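Let me begin by presenting the structure, written as structure tokens, before commenting on it.
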Amino acid sequence: TNSGFVVRITQAGLDYAHQHGIAILEKELAQLKLSDISGDSRVGRVGKVRYELSRLRLRDFHLPYSRITPISNVGLQVSISNAFAELDGDWRVKFLFVRDHGSFDLKVENVYIKISLRLGSDTTGKPTISTSDCSTRISKVRVLFSGKFGWLYNLFHSNIESRFQKILEDKICEIVDKSVQNELQTYVRTLPVTARIDAKTGIDYSLVAPPRATAQSLDADLKGEFYSLANRSTVPFSPLPLAFPSDHDRMVYFGASSYFFNTAGIAYREAGALVFEITEDMIPKDTGFKLETSTFSAFIPQLEEMYPNMPMKFRLSTPTAPFLTIGPGGISLKPVVDAQAYVILPDSSLAPLFLLSLVRNVSAVINVRSDHIVGSLDVGRIRLSLKDSAVGTFEVRMMQSLMNILTSSTLLPRLNARLDEGFPLPLLDRIQLSNILVKFYQNFLLLGADVHFQPK
């Protein structure tokens, strides 16, 4: 199935993540612990050299050259070359009647490490990452002994160097696997698969399939669906495929489909959040009218006879969830709103007056602020039709300007205030976005950004 929301990490984004990952791995390798080493090295028919190496200390481990590559249908490959390390420790040796001891330095050069990372998802829709393969090759190990008997060290140093090479080749991949499991896997699981928006709604950002690597990027297909916290129902339509452009200037891109936005309308309607009431105290003073029967009696003469100079209120609701379209020109929608007018009786009860149908052309402006999609609505003129009336028939066309002012001065500011709070993007922990790009394509909105990772 198609996803409602797509996240693309470009090569630039992978390179940035790779820098931080390598820095972590370098620290992990620098803390590598080595056990004491002892053994024998036979010298022809003369006998054996018995050696012991203790108090082994890794001074540093450097990974100066590395790169990360997405491999189609496989995952990610990290290649590290020309790495080097330095160790020191104490040694003790026994050969025939000769005994000696001292310290030594060990230089490990031309270390090559190749790591393959498998990408997946678990049953909750969170991403997973693991080491599918790791290999280490060390081209050069040099050990330098301090002491009086130079000829003696030559009897066993090659044995020591080969043992160190084998131990380090095994240890490095152990640390890589541990670092991926403890650091990288823990971090990718900070991706929120559900994001609570408010007391009534949330967004489902769970993965619908494992992340997939292409030759140029890493793509993650997310469900991208708003839902009501009280009553989650099946969405009556499916997402359309998103034709991502070949734009790789930013580190990360988000594709928010029309499905994503349209499920918001369904979720808010099911949660009862698309019902608004307009009362006198909500109308700005500069509009020049009061919400009472005397104002509307100019259009409905019988209203003044039935309910003279009495306060009114409107209840706005949507008979169907608003449905928007996204195209190269932007986002547009034509919501239908029912406006039920009431008179407020002296005992505070309500008497229905008339029911209007309001249709309005609406366009949306979208942006990204911090880690949220934010927006605002711009509305055109309203079109009215009379659906029901308890005060007789009347000409609604004359009321259009009044209703236009009424909804623009009360309803629109409330909607824009909510849109200005925004909706959270699916971001890993401690990620900040910058250099934002917003573009519209057929059936989806493309958001591009560079990222900044804030270490703990």
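The values are calculated or read from the model by the stated rules, or taken from the named source; none is laboratory data. Fair warning: this is a prediction, and the values are worked out from it, not measured in the lab. Note: ideal-geometry Cβ built from the backbone for every residue, glycine included; neighbour counts use all protein chains shown. Just the protein is used for accessible areas: all its heavy atoms, side chains included, with ligands, DNA and RNA removed. Shrake-Rupley method; radii C 1.70, N 1.55, O 1.52, S 1.80 Å.
Would you mind giving the three semi-axes, in whole Å and largest first, of the ellipsoid equivalent to the chain according to its Cα gyration tensor?
Semi-axes (√(5λ), whole Å): 74, 19, 16.
For every helix of n ≥ 4 consecutive DSSP H residues, a contribution of -39,500 (n - 2.57) applies; sum these over the chain, divide by its total residues, and give [θ] at 222 nm rounded to the nearest 500 deg cm²/dmol.
The helix contribution divided over the chain gives -6500 deg cm²/dmol.
What aspartates and glutamates could a cross-link reach from Lys200, if we take a straight Cα to Cα line under 20 Å and drop same-chain neighbours fewer than 8 places away?
Glu225, Glu270, Glu277, Asp420, Glu421
Give me the 1.4 Å probe accessible area per residue for segment 194-453, excluding ligands and nucleic acids, in Å². Provide the component values of the computation, followed by the final result.
Working: 12070 Å² over 260 residues.
Accessible area per residue, segment 194-453: 46 Å².
Hey, any idea what the orientation-averaged projected area of the convex hull of segment 11-189's Cα atoms comes to, in nm²?
Mean projected area for segment 11-189: 11.9 nm², to one decimal.
Just from the alpha-carbon atoms, what are the Rg and Dmax of segment 1-79 in angstroms?
Final numbers for Rg and Dmax: 22.6, 77 Å.
Dividing the alpha-carbon Rg of segment 194-453 by 2.2 N^0.38 Å yields what? Spell out each step's value before the answer.
Details: Rg = 21.9 Å, N = 260, 2.2 N^0.38 = 18.2 Å.
That works out to 1.20 for segment 194-453.
Quick query: amide H of Met251 versus all other amide H atoms, modeled in the peptide plane; which residues come in under 5 Å with a sequence gap of 5 or more or a different chain?
Here the answer is Ala449, Asp450, Val451, since their amide H atoms fall under 5 Å of that of Met251.
Ratio of Rg to Rh for segment 355-413, alpha carbon only, Kirkwood? Could the numbers behind the result be given before it?
Details: Rg = 15.5 Å, Rh = 13.5 Å.
Expressed as Rg/Rh, it is 1.15.
Please go through the residue pairs Lys126/Lys171; Lys33/Lys94; Lys290/Lys334; Lys27/Lys114; Lys107/Lys148 and name each one whose alpha carbons sit more than 23 Å apart in this structure.
Numbers: Lys126/Lys171 30 Å; Lys33/Lys94 26 Å; Lys290/Lys334 28 Å; Lys27/Lys114 18 Å; Lys107/Lys148 21 Å.
Those over the limit are Lys126/Lys171; Lys33/Lys94; Lys290/Lys334.
³J(HN,Hα) across segment 249-256 via Karplus (A = 6.51, B = -1.76, C = 1.60, θ = phi - 60°), whole Hz, x for Gly/Pro?
So the Karplus estimates, Gly and Pro as x, are 6, 9, 6, 9, 10, 10, x, 9 Hz.
DSSP loop (so not H, G, I, E, B), at most 13 other Cβ within 10 Å: list which chymotrypsin sites (Phe, Trp or Tyr not before Pro) in segment 80-129 pass both filters.
Within segment 80-129, the qualifying chymotrypsin sites (Phe, Trp or Tyr not before Pro) (loop, at most 13 other Cβ atoms within 10 Å) are Phe97.
For the chain, give the magnitude of the charge dipole about the Cα centre (Cβ charges: +1 Lys/Arg, -1 Asp/Glu; no others), in debye to the nearest 20.
Using Cβ point charges on Lys, Arg, Asp and Glu, the chain gives about 1980 debye.
When the Karplus curve 6.51 cos²θ - 1.76 cosθ + 1.60 is applied with θ = phi - 60°, which whole-Hz ³J(HN,Hα) does each residue of segment 112-122 get, with x for Gly and Pro?
With coefficients 6.51, -1.76 and 1.60, one gets 10, 10, 10, 10, 10, 10, 9, 9, x, 8, 9 Hz.
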